[in-house]
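Before any comments, here is the structure.
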Amino acid sequence: MSGRAKAALQEGWVVSAHGRHYGVELADGSVRQSYPRGKKAQAAVGDRVRISLQGDNEGAIEAVLPRRNLLFRSDQQRSKQFAANLDTLLLVVATEPEFSADLLGRSLVAAASAGVPATILLNKVDRPARLAAARERLARYPEIGVPVLELSALDAEAARARLAPVLAGRISLLLGQSGMGKSTLLNALVPEAGAATREHSEALGTGRHTTTSTRLYHLPEALTRPGAPGHLIDSPGFQGFGLAHLSREDVERGFPEFAPFAAQCRFYNCTHRHEPGCAVLAALETGRIDTERHALYMRILAENEAAERY
């Protein structure tokens, strides 16, 4: 690329992604539909990029600038990037339909491996029938450093007041499995988003995907502080969360409750699965480590090892 071409590059912010189509917001507030150079799409919403201007309203992504973090999931077939340069992850679950502890746990492992603090949002607390059960299932998370905030997305004013301290001055990702009311919550926080909402299918006990692309929204003034604007990224709901890209050490970091005991294991490279003198397994036997959490740890390691054999 010539020096003149380099000078023509403009820095922007990726604010939407749908396949290989990206919306890049420039310094003047305009958004250009942009496409990556080459065959591989490497940008994610939240990335800072340099683009060359193409025509009146398009651009070509010439470079992705260094990022602080990247949150994504992966399995044997492919990877799915959620967002980059995040300050916090907001995981939406609900009193009904019943949320998946497996998916929730996997999301927390991914966040921990990327160095992104997470908060769980328990939605639909206005439906009391299953509220106590949901609270019981979430009781373990504050104990391992993951806050749980309760709200009803249908009470938009209360939801905004509840989340304003969490959102102000941060780039947050709103993530959750389908059917948890995430789109309704987005509409409560960013009314102009106009996200599609629907009642989940009672027959299926789950929801249909209503978000087909990932998009960043600039939060209204009511959810910001002077000099501290906030931004909220909404990503499609999911029904699976592979972690094939993580090493065993990365996975273990997603289970912070292991750390105090792991330091006491007989072997420095203990995997906490079968080794003699494993303090984590001893803690598991005495109830100091949750059995479901340890079972999830075992599942993730087994999946990743199976993937490596192919």
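The values are calculated or read from the model by the stated rules, or taken from the named source; none is laboratory data. Not measured: the values here are computed from a predicted model. Here the Cβ positions follow ideal geometry from the backbone for every residue, glycine too, while neighbour counts run over all protein chains shown. All accessible areas refer to the heavy atoms of the entire protein, side chains included, with ligands and DNA or RNA removed. Shrake-Rupley method; radii C 1.70, N 1.55, O 1.52, S 1.80 Å.
The table below lists the values:
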{"quantity": "Net charge of Cβ neighbours under 13 Å - reference residue 85; Lys, Arg +1; Asp, Glu -1", "calculated": "+2"}
{"quantity": "Rounded percent of accessible protein surface that carbon and sulfur make up, the range 47-96, 1.4 Å probe", "calculated": "38 percent"}
{"quantity": "Listed peptides 23-33, 114-124, 158-168 by packing density, highest first (mean Cβ within 10 Å)", "calculated": "114-124, 158-168, 23-33"}
{"quantity": "Value of [θ]222 nm, deg cm²/dmol, for the chain, DSSP H segments ≥ 4, -39500 (n - 2.57) each, nearest 500", "calculated": "-7500 deg cm²/dmol"}
{"quantity": "Surface accessible to a 1.4 Å probe, per residue, for the residues of the range 215-310, Å²", "calculated": "53 Å²"}
{"quantity": "Cysteines in the chain lacking a second Cys C-beta under 4.7 Å", "calculated": "278"}
{"quantity": "Environment charge of residue 218, counting only residues whose C-beta is closer than 12 Å and scoring Lys/Arg +1, Asp/Glu -1", "calculated": "-2"}
{"quantity": "Added length on full extension, which subtracts the Cα-Cα distance from 0.36 nm per residue, residue 291 to residue 248", "calculated": "13.6 nm"}
{"quantity": "Table column - 3J(HN,Hα) (Hz), the range 219-235, Karplus curve with 6.51, -1.76, 1.60, x for Gly and Pro", "calculated": "6, x, 4, 4, 10, 10, 10, x, x, 9, x, x, 9, 10, 9, 10, 10"}
{"quantity": "Cα centroid separation - the range 225-241 against the range 119-139, whole Å", "calculated": "21 Å"}
{"quantity": "Per residue solvent-accessible surface (Å²) - the range 128-193, probe of 1.4 Å", "calculated": "43 Å²"}
{"quantity": "Virtual spin-label span in nm between residue 25 and residue 150, 7 Å along Cα→Cβ", "calculated": "3.4 nm"}
{"quantity": "Counted charge near residue 66, where neighbours are those whose Cβ lies closer than 15 Å (Asp, Glu -1; Lys, Arg +1)", "calculated": "+1"}
{"quantity": "Solvent-accessible area of residue 126 with every protein chain in place, 1.4 Å probe, in Å² to the nearest 10", "calculated": "80 Å²"}
{"quantity": "Listed values (i) 19.3; (ii) 22.6; (iii) 17.9, entry calculated as mean projected area of the Cα convex hull in nm²", "calculated": "(i)"}
{"quantity": "Residues residue 63 and residue 162, FRET efficiency given R0 of 35 Å [Cβ-Cβ distance, rounded to 0.05]", "calculated": "0.35"}
{"quantity": "Model label zone, residue 8; criterion: amide N under 17 Å from point 7 Å along Cα-to-beta-carbon; scope the range 43-84", "calculated": "50-63"}
{"quantity": "Packing rank of 134-146, 251-263, where each peptide gets the mean count of other beta carbons within 10 Å, highest leading", "calculated": "251-263, 134-146"}
{"quantity": "Cβ-placed point charges (K, R +1; D, E -1), dipole of the chain about Cα centre in debye, nearest 20", "calculated": "740 debye"}
{"quantity": "Relative contact order, percent, the chain [alpha-carbon distance under 8 Å, six or more residues apart]", "calculated": "15 percent"}
{"quantity": "The chain: angle of helix 101-114 to the longest principal axis, Cα-based, in degrees nearest 10", "calculated": "60 degrees"}
